């Protein structure tokens, strides 16, 4: 069976941008900027973006393209080349696949919230809530019930009825949309969808940013962004959280970037692709900050809350209270929908590809199988979504990035690794690349794992 591929280099880059641009860019980056010194945080963040894009991102693209496989096949090919055995690498490669599936399941719950709020924005229900925080908060609490343990969450869903508690109906709607895109294949579905959604996301965010800039009070938000506190460079928290934001924003986890790389033509320039993805991911995060922080300035709200509460509660209150709030809120959640949809497609593609590569599933049955598992689990864990996402993002994702780095820089022969990176480029990558990845990037991935575990998450 011939392997599906991206049809154009532009399509690949846009799809990778879509996978990288997610909720972290929208509900976390702006708050990190305001909390840790505005431009001080941004400067440090850019340094880590350059480091990770120049090492881990290139590595994951190259690993997938060289092996023409996802994590299981790619890791297996690495250990076969070094030790003559695929089985060791394939067993290790299962972990990034599990990580992608786990994160996709959590994202399915989030996508349900996004679809619900996008519909409410279009219908006017969102704006009708006005600035009554009791109503706004109660609406989100109804969509996202809370439970302390996974067992309590499952019991809550069974006792209450899976479509009577939480937001199950909209979850299914969001998942069906993602699965429909995936069922059409890489070039015909994922590439085309990203080519539509990503330009619209950037365009709409830009329109929102320009509009909000002219509203009274927006200047307070810009103050949070453009403050430069050089003393902040001495604060270890600035460095660790800027690193975490860059690490997780660029989606190096040994899964999504590897699988997209496996669909890329051998003639394409990988370092150039990584550079473009990093630039546009940073641009998306910056645009989000230029929308959200000035908007909170307009509403007189102190930007100190990251996560779902920022987007689905505090921002709703702020947007509803400003001039043109109904239209602004609608456009904002359409942007969020595009960011979420492109990310979840990338995450689900990893286990789908696994079924195709190792179990010889055809495309549509593989998509349906993974979709059914995702639907069942995501509905049952709704009240425990935050804890679920913490487990996956804090432990499994950085471990996946570390394992991919070890496979490429330590297990794979240096000559093979450099050849895999340089193939398709006009000139061979510099001698700096391999030691940078082998020693600094792998250590960074280990730091992401340890620091995340100690601090309860850094990205």
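The values are calculated or read from the model by the stated rules, or taken from the named source; none is laboratory data. Just so we're clear, the structure is a prediction, and the values are computed from it rather than from any experiment. Counting neighbours? That spans all protein chains shown, and the Cβs are built from the backbone with ideal geometry, glycine included.
I'd like to verify a number: residues in region 375-384 that are touching a residue at least 12 places away in the same chain (Cβ under 8 Å) and either over 25 Å from residue 25 (Cβ atoms) or touching a strand residue (DSSP E or B) at 6+ places or on another chain (Cβ under 8 Å) (or both), how many?
Total satisfying the criteria: 5.
I'd like the residue in region 415-437 that is farther than 19 Å from residue 64 by Cβ and touching a helix residue (DSSP H, G or I) at 6+ places or on another chain (Cβ under 8 Å) and, out of all such residues, is modelled with the lowest pLDDT.
428
Kindly list the number of the only condition in (1) farther than 22 Å from residue 265 by Cα; (2) in contact with a helix residue (DSSP H, G or I) (Cβ under 7 Å, 6 or more places away or on another chain); (3) surrounded by fewer than 19 Cβ atoms within 10 Å (Cβ to Cβ); (4) free of Cβ contacts under 8 Å to residues at least 60 places away in the same chain that fails for residue 359.
Of (1) farther than 22 Å from residue 265 by Cα; (2) in contact with a helix residue (DSSP H, G or I) (Cβ under 7 Å, 6 or more places away or on another chain); (3) surrounded by fewer than 19 Cβ atoms within 10 Å (Cβ to Cβ); (4) free of Cβ contacts under 8 Å to residues at least 60 places away in the same chain, only one is false for residue 359: (2).
Quick one: what pairs do we get from region 187-209, first residue on the phi > 0 side of the Ramachandran plot and part of a helix (DSSP H, G or I), second modelled with pLDDT of 95 or more and surrounded by 14 or more Cβ atoms within 10 Å (Cβ to Cβ), C-beta under 6 Å, 6+ apart or different chains?
none
What's the total number of residues in region 230-247 that are under 16 Å from residue 47 (Cβ atoms) and surrounded by fewer than 24 Cβ atoms within 10 Å (Cβ to Cβ)? Full working, then the answer.
As a first pass, look at region 230-247 and keep what is under 16 Å from residue 47 (Cβ atoms): 230, 232-247.
Within this subset, residues satisfying the condition of being surrounded by fewer than 24 Cβ atoms within 10 Å (Cβ to Cβ) are 230, 232-241, 243.
The total comes to 12.
What pairs come up if the first residue lies in region 155-179 and is at positive phi and modelled with pLDDT under 95, the second is surrounded by 15 or more Cβ atoms within 10 Å (Cβ to Cβ) and outside any loop (DSSP other than H, G, I, E, B), and their beta carbons are under 7 Å apart, counting only those six or more places apart or on different chains?
Note: pairs meeting the criteria are 166/143; 166/382; 166/383.
To keep it simple, each residue is scored yes or no on (1) over 22 Å from the mean Cα position of the chain (by Cα); (2) in contact (Cβ under 8 Å) with a residue 40 or more places away in the chain; (3) in a loop (DSSP other than H, G, I, E, B).
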residue: 302; (1), (2), (3): yes, no, yes
residue: 332; (1), (2), (3): no, yes, no
residue: 335; (1), (2), (3): no, yes, no
residue: 344; (1), (2), (3): no, yes, no
residue: 349; (1), (2), (3): no, yes, no
residue: 355; (1), (2), (3): yes, no, no
residue: 366; (1), (2), (3): yes, no, no
residue: 369; (1), (2), (3): yes, no, no
residue: 373; (1), (2), (3): no, yes, no
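Across region 423-437, what is the total count of residues that are in a helix (DSSP H, G or I), touching a residue at least 24 places away in the same chain (Cβ under 8 Å) and surrounded by fewer than 20 Cβ atoms within 10 Å (Cβ to Cβ)? Can you show your working first?
Looking only at region 423-437, we keep the residues that are in a helix (DSSP H, G or I), and these are 433-437.
Retained after the next criterion (residues that are touching a residue at least 24 places away in the same chain (Cβ under 8 Å)): 433-434, 436-437.
Cutting the leftovers down to surrounded by fewer than 20 Cβ atoms within 10 Å (Cβ to Cβ) gives us 434, 436.
Matching residues across region 423-437 total 2.
Of the numbered conditions (1) closer than 30 Å to residue 102 by Cα; (2) surrounded by fewer than 24 Cβ atoms within 10 Å (Cβ to Cβ); (3) at pLDDT 90 or above, residue 265 fails exactly one; give the number of that condition.
Only one criterion in (1) closer than 30 Å to residue 102 by Cα; (2) surrounded by fewer than 24 Cβ atoms within 10 Å (Cβ to Cβ); (3) at pLDDT 90 or above is unmet by residue 265, namely (3).
Could you tell me which residue of region 309-330 is surrounded by the most Cβ atoms within 10 Å (Cβ to Cβ), considering only residues that are in contact (Cβ under 8 Å) with a residue 24 or more places away in the chain and closer than 18 Å to residue 285 by Cβ?
Ranking the candidates gives 311 first.
From the set of residues in region 438-459 that are assigned to a loop (DSSP other than H, G, I, E, B) and surrounded by 13 or more Cβ atoms within 10 Å (Cβ to Cβ), which is modelled with the highest pLDDT?
We begin by selecting, within region 438-459, every residue assigned to a loop (DSSP other than H, G, I, E, B); these are 456-459.
Narrowing the set further to residues that are surrounded by 13 or more Cβ atoms within 10 Å (Cβ to Cβ) leaves 457-459.
Numbers: 457: 89, 458: 92, 459: 80.
Here the residue is 458.
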